[in-house]
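Below you'll find the structure, written out as structure tokens, and then a few comments.
Values in this text are rule-based calculations from the coordinates and carry no lab data. Predicted model, so just to flag it, every value in this text is computed and none were measured. A quick note on method: Cβ atoms are made from the backbone with ideal geometry, for glycine too, and the neighbour counts reach across all protein chains shown.
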Amino acid sequence: MTTKLLCVAGARPNFPKIAPLMHALQGNPRFVTKLIHTGQHYDDALSKIFFDELNIPRPDLDLEVGSASHAVQTAELLKRFEQVLKDEQPQAVLVVGDVNSTVACALASAKFFLDAPFTFRGVERQRPVMIHVEAGLRSFDDDMPEEINRRVTDNISEMLFVTDPAGEENLKNEGVDAERVNFVGNVMIDTLLAAKEKAMASDVLTRLKLEEGAFALLTLHRPSNVDDPATLREILGALDEIAKDVPIVFPMHPRTKPRIADTNMELDPTRWITCPPMGYLDFLKLEATAKLVLTDSGGIQEETTVLGVPCLTLRENTERPVTITEGTNVLARTKRETILAAYAQVKAESPAGRIPRYWDGHAAERIVKAMEEAFGPK
Ligand code: UDP
């Protein structure tokens with residue numbers, strides 16, 4: 001029997017993760033695969049452009065859930081995804097990352113009973129097998145909504161694919177059976193390596209009148225950094241000092257733009273280049289050619305490590321410690337003095353990183369192979 005597999009993606013950071021999996025599954029006779037877009041991010045700049053640039057197949061279904069509070073959005077996702085499970089009757093559901101779509105679709109699947117039983121690893125069962133790609137990451141900060149999403153998703157998933165050894169360690173410490181865990185590398189890096197050549201041909205530097213190595217690149221969107229005007233003012237104040245040394249390019253996340261207006265701060269256009277969120281290829285070119293990257297993103301800490309570009313992480317913690325121990329990431333935290341100290345440190349000596357194990361462009365292939373083995377012959 002072939003296995004019906006639903007792959008779920010919903011928000012910007014999901015798209016570079018789902019892309020290589022969809023490519024690796026395309027034409028695979030073992031699985032009948034469908035892609036479900038939850039519509040958590042719906043505007044072209046955060047969604048459509050990624051499908052176009054990364055050649056992600058058109059979603060088979062779009063749940064159009066849109067924006068709402070955590071509870072309302074999660075509830076809507078649960079309702080809408082349960083209907084998909086009823087209609088599609090999948091034996092497996094694969095989710096990526098740590099957004100609300102990840103946890104909601106995992107939860108709906110883990111409690112769903114299919115019309116017909118099937119056999120998985122020699123045992124007859126009636127619930128879909130839950131698969132989590134990018135499992136095991138922990139910031140140990142429950143104020144971060146993604147941390148709750150990660151812990152819940154891992155807890156109810158049976159196949160856990162992790163990106164780095166810390167992920168394995170975290171799951172072991174939580175008492176997760178080693179049989180459920182598989183260290184395969186990083187699908188986001190599969191996408192980066194596949195797209196790099198095309199990205200380097202982007203003319204974004206000319207369009208923004210930038211010179212290679214002579215600008216810093218900033219992204220900021222974590223609620224803990226942007227929702228409180230005093231916190232945001234503190235961070236932007238420190239960054240403005242850095243901008244006096246090296247101009248800052250700032251593609252603004254839609255959640256951040258109105259918050260900056262709330263701070264009443266003027267970002268001086270002689271040292272700040274602000275713009276809407278960028279497409280993947282333009283953004284990758286900027287990341288690869290920046291003097292340094294300043295960010296509170298999760299994925300960007302990983303991308304800069306592979307690109308060998310210094311990264312100052314504007315957060316109190318990171319769920320991706322391998323980017324610090326092996327990569328080019330420095331935890332700059334969120335206070336003026338810590339950010340400026342981290343900048344001085346990186347300016348004095350660029351962190352010399354190396355690429356973590358299995359961040360080699362083949363993570364999605366390893367995942368599909370492990371899934372083929374787990375589900376057995378057709
Ligand atoms: N990204 C992009 N354009 C931008 C900002 C980010 O293409 O203007 C990409 C970035 O290269 C990475 C992903 O979006 O692949 C990260 O998403 P985000 O920072 O929103 O989420 P997080 O990783 O923090 O969950």
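With 20 Å as the limit on Cα-Cα distance, the pairs of Lys4/Lys369; Lys209/Lys285; Lys285/Lys335; Lys291/Lys335 that go past it are Lys285/Lys335; Lys291/Lys335. Towards the positive end of the charge dipole of the chain, with charges on Cβ (+1 Lys, Arg; -1 Asp, Glu), say which of Val246, Thr323, Ala110 has the farthest Cα. Towards the positive end, the residue furthest out is Ala110.
Between Asp87 and Ala201, full extension at 0.36 nm per residue minus the direct alpha carbon distance yields a gain of 36.7 nm. Pairs of Lys residues in the stretch 16-114 that lie 8 or more places apart, or on two chains, and have C-alpha atoms under 15 angstrom apart add up to 4.
Among Val249, Val103, a tally of other beta-carbon atoms within 10 Å of each Cβ gives an order, fewest to most, of Val249, Val103. Modelled spin labels at Thr270 and Glu64, positioned 7 Å past Cα toward Cβ, are 4.9 nm from each other. Counting Cα-Cα pairs of the stretch 69-163 in 10 Å increments starting at 0 gives whole-percent bin shares of 17, 47, 29, 7, 0.
Take the Cα of Asn28, step 7 Å toward its Cβ, do the same at Lys48, and the gap between the two points is 3.0 nm. Working ranking of peptides 38-46, 143-151 by packing, defined as the average number of other Cβ atoms within 10 Å per residue, highest first, is 38-46, 143-151. Using 0.36 nm per residue of separation minus the Cα-Cα distance, give me the extension gain between Leu78 and Thr338 in nm, one decimal. Between Leu78 and Thr338, full extension yields an extra 89.5 nm.
One decimal place: the segment Arg255-Lys378 gains 39.7 nm when fully extended, by the rule 0.36 nm per residue minus the C-alpha distance. A DSSP coil position with no more than 14 other Cβ atoms inside 10 Å describes the following GluC sites (Glu not before Pro) in the stretch 226-281: Glu266. If the Kirkwood radius is taken over C-alpha pairs of the chain, then at 37 °C and 0.692 mPa s the Stokes-Einstein diffusion coefficient equals 155 µm²/s. Take each peptide in 318-331, 193-206, count the other Cβ atoms within 10 Å of every residue, and average; sorted highest first, the result is 318-331, 193-206.
Put simply, the stretch 286-378 fits an ellipsoid with semi-axes of 33, 14, 10 Å; these come from the alpha carbon gyration tensor as the roots of five times its eigenvalues, largest first.
Around the Cα centre of the stretch 22-66, unit charges on the Cβ atoms of Lys, Arg, Asp and Glu (plus for the first two, minus for the last two) sum to a dipole of about 320 debye.
Extending 7 Å from the Cα toward the beta-carbon at both Asp143 and Ala352 defines two label points whose distance is 3.7 nm. The Rg/Rh ratio for the stretch 193-302 is 0.96, where Rg is the radius of gyration of the alpha carbons and Rh is the Kirkwood radius.
Annotation note: chymotrypsin sites (Phe, Trp or Tyr not before Pro) in the stretch 59-161 located in DSSP loop regions with a Cβ neighbour count of at most 15 within 10 Å are Phe113, Phe140.
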